[in-house]
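Below is one structure; the comments refer to it alone.
No lab work stands behind these numbers, since they all come straight from the coordinates. Bear in mind that the values here come from a model prediction, so they are computed numbers and not experimental data. We place every Cβ from the backbone using ideal geometry, glycine too, and count neighbours over all the protein chains shown.
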Amino acid sequence: MKFDDARKLNQKKYRTLHRHFLVEGEHLLQELEKAALTQPRLKQSTVFVTERFAGVATSLPVQVISEKQMKQISGTQT
């Protein structure tokens, strides 16, 4: 998934249209990986991370993005 497509997922109409969603955090990433074991289509998920987390251990494809881009797709306030 491209970054621009992921950014659109903040809006419900795009989540419904594309049948995609965003998950945030280590725990939800682990749950996604578990679910991918029984639902192979989830293995196509893209993990967006900042450089700080570029070494994240995951079996899913990883795409490194900037902090600014992460703020655009993240729903978590820090």
Discussion item. Which one, L28, N10, T46, projects farthest toward the positive side of the charge dipole computed for the chain from Cβ point charges (K/R +1, D/E -1)?
Written reply: N10
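Would you kindly work out the equivalent ellipsoid of the chain from its C-alpha gyration tensor and give its semi-axes, the square roots of five times the eigenvalues, largest first in whole Å? Could you put the intermediate results ahead of the total?
Values: eigenvalues 67, 60, 24 Å².
Sorted largest first and rounded, they come to 18, 17, 11 Å.
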Discussion item. Show me, for region 60-69, the HN-Hα J-couplings you get by feeding each phi into the Karplus relation (A = 6.51, B = -1.76, C = 1.60, θ = phi - 60°), rounded to Hz, glycine and proline as x.
Written reply: 8, x, 10, 10, 8, 10, 6, 4, 4, 5
Discussion item. If amide hydrogens are placed 1.01 Å from N in the peptide plane, which non-local residues have theirs closer than 5 Å to the one on Q63?
Written reply: V47, F48, V49
Worksheet item: Listing R7, R41 from the residue with the fewest other Cβ atoms within 10 Å to the one with the most, what is the order?
Response: R41, R7
Practice prompt. Set the Förster distance to 35 Å, then compute FRET efficiency between Q11 and L60 from the Cβ-Cβ distance, nearest 0.05.
Written response: 0.90
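Dipole size in debye (nearest 20) for the chain around its Cα centre, Lys and Arg Cβ +1, Asp and Glu Cβ -1? List each step's numbers first, then the result.
Working: 13 positive and 8 negative charges, 88 e Å.
Dipole about the Cα centre, nearest 20: 420 debye.
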Worksheet item: When only C-alpha pairs under 8 Å and at least 6 residues apart count, what is the relative contact order of the chain, in percent?
Response: 27
Worksheet, complete the sentence: Ordering 46-54, 10-18 by per-residue average of other C-beta atoms within 10 angstrom, highest first, gives 46-54, 10-18
